[in-house]
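This report concerns only the one structure given below.
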């Protein structure tokens, strides 16, 4: 009987093997046992002569991490105590430096201002409000209706309105639907009808049906602001006032008379520049000139008589 080879007598691993997978063959000297042996040998060499403390324990006073051990190290390997980096806060910009970036506004020269006023007076002599009215109440109602509407449209609406409601008492007691129907074409008719009725009721209750004559009393009425009050004071009572609407606001900046954008601030900025007796006329001059020549999008600078005295502030393109 033939003898079995030594390889055939080796015991196989009891675990089942995967189909189609044989035991991987390794290169001599590079198997798992050799890798473990090399790893343990290198670990023994690194830990030779060292005493490891239990995990989580603090080093003793004479340990390698103490201050004395650090002092024995060469100067190149010494590590000093941790230094906290302090970042200096940014210095605020001085107010003088910030103000120097934007040049201060300088009022117009008296010669240039007088030239502008003279040209405007010659262009629009006898300027008066284009809103037709017979008394201060009609002018007050017409001014409220002119918001976001042309004066021509208001003049078409007011005759029938004042024929139906001639005084403040009739306006206050008017049917809201009928009042809205009469002023519908002026736009925003619901808000305007509400403001007219509230204003008329206030005039009847507190002023005996007569329109007051002071800025404080007028601005206390519902729906009446400084612009409407200045229109009424200048055109109905002859009291000077600067009316700042969208045209006056635009032209005052383009002419270099002010740098303000708020209508109330523009009014107070123009008051020391314009003679008081010309306040109401000056507002009408700018309104007429803004409608005809110095329009919003592309002003007609080529035909404007004010061009030699106008800095054209903020004008990007013109015609």
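What follows is calculated from the coordinates using simple rules that are stated; it is not laboratory data. Since the structure is predicted, the reported quantities are computational estimates derived from the model, not experimental observations. Cβ sites come from the backbone with ideal geometry, for glycine too, and all protein chains shown count toward neighbours.
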## Note on the structure
Expressed in angstrom and rounded, the centroid-to-centroid distance over alpha carbons for region 279-319 and region 209-269 is 20 Å
### Summary
Dimensionless Rg/Rh of region 275-319, both radii on Cα and Rh by Kirkwood, sits at 1.02
### Task
Going by C-beta contacts inside 10 Å, put 180, 210 in order with the fewest on the left.
210, 180
### Task
For a quick protection proxy, order the peptides 104-111, 117-124 by their average other-Cβ count within 10 Å, most packed first.
117-124, 104-111
### Task
May I ask for log10 I(q)/I(0) of region 187-287 at q = 0.14, 0.21, 0.24 Å⁻¹, from a Debye sum over the Cα atoms as equal point scatterers with solvent left out?
-0.59, -1.06, -1.21
## Note on the structure
Sorted on mean Cβ neighbours within 10 Å (highest first), peptides 144-156, 297-309 come out as 144-156, 297-309
### Message
Normalised radius of gyration for region 136-236, please: alpha carbon Rg relative to 2.2 N^0.38 Å, two decimal places.
### Response
0.97
### Message
Order these by the 10 Å Cβ neighbour count, fewest first: 295, 141.
### Response
295, 141
